[in-house]
Amino acid sequence: MTGLEAITFDFGNTLVPFPAAPMADVLRLTAERAGSRAGFRADDFARIWNEERLRQFDQEVPAGHEADMDVRLVRVLARLRGCAAPGTGERWDDAVAVGFSEPSEVAAILELYAAAFVATTPVPPEIGPMLERLARSYKVGILSNWPLALAIDRYLEAAGWSRHLRAVVVSHRVGFIKPRLEIFEAAACELGLASSPAILHVGDDLGADVMGAQRAGWRAAWVRIKPEDSPLPTAPPAPDALPDLVVDSVLDLEAAIGQRGGAPTP
């Protein structure tokens, strides 16, 4: 790993594990709190939310776009208030859907979601010290596919990790998901570097993380082990992906790149 200047980390299942149960709890809490404010049943909110999530995955992800949560919420509220959902294979008319809610209501419910996300997602205690050590020698950033950037922002603040990061690049803000080149270029720009092997990206998804990074001209480390029941989506299989490093856990990365006590070994 000579010449390394920056390291970016995937968020879900790389820095933070996401088994199925806590993710379901986030939606349940959001549905209960939003429903009590707006006068609809939490079960209806959760059911329609999951239906619209799948619709977004079918329509947006193949084009390399994120299943943005703010767009999803507008559609959920529209359906809860009597707007008919599109037929199979058809797309939403979002200009119509947006008329069933106010921007302030949408923002408030997204804040509820972010609060539930932080409250139900434990902070792995070893990650903060690792980021602090790495930040002494490298530019460190987050490069994540995630449909609500606000949730990651709130989590990083609550965990105390933000002060170690030079960049936080999330697909919700960029408009494209890994492995699209655009999101890697956005991260390189935020780090103040040109895309090159001087940047190492670390992630659990061979298709999104490893193939995406290497197509951008970066180096890539694959985190091999993650929760088997995780509901987080993954990119299409990439059997020919050849990561520069393979580690069982992100906590093995420092040893793999020769990092000891905040300074690379000679």
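Bear in mind that the values in this text are calculations on the coordinates, not laboratory data. Fair warning: this is a prediction, and the values are worked out from it, not measured in the lab. Don't worry about glycine lacking a Cβ; one is built from the backbone with ideal geometry, like all the others, and counts go over all protein chains shown.
One chain, two ends: ASP94 and ARG28. Fully extended at 0.36 nm per residue, the span grows by 21.3 nm beyond their Cα-Cα distance.
Per residue of the chain, what 222 nm ellipticity follows from adding -39500 (n - 2.57) for every DSSP H run with n ≥ 4, rounded to the nearest 500? Don't jump to the answer; show the numbers that get you there.
Numbers: 11 runs with 114 residues, N = 266.
For the chain, the value works out to -12500 deg cm²/dmol.
At 20 Å minimum axial length over the Cα atoms and a Kyte-Doolittle cut of -0.5, report the qualifying DSSP H helices in the chain, or say none.
Working: long enough: 20-38 (27 Å, 0.03); 42-59 (26 Å, -1.38); 103-120 (26 Å, 1.26).
For the chain, where a helix must reach 20 Å along its axis and average at least -0.5, the hits are 20-38, 103-120.
For a footprinting-style exposure proxy, rank LEU242, LEU143 by other Cβ within 10 Å, fewest first. All intermediate terms of the calculation are to be shown ahead of the outcome.
Working: LEU242 12, LEU143 32.
In order of increasing Cβ crowding within 10 Å: LEU242, LEU143.
If you run the Gaussian network model on the chain, springs between alpha carbon atoms under 10 Å, then out of GLY87, GLY64, GLY99 the most flexible one is GLY87.
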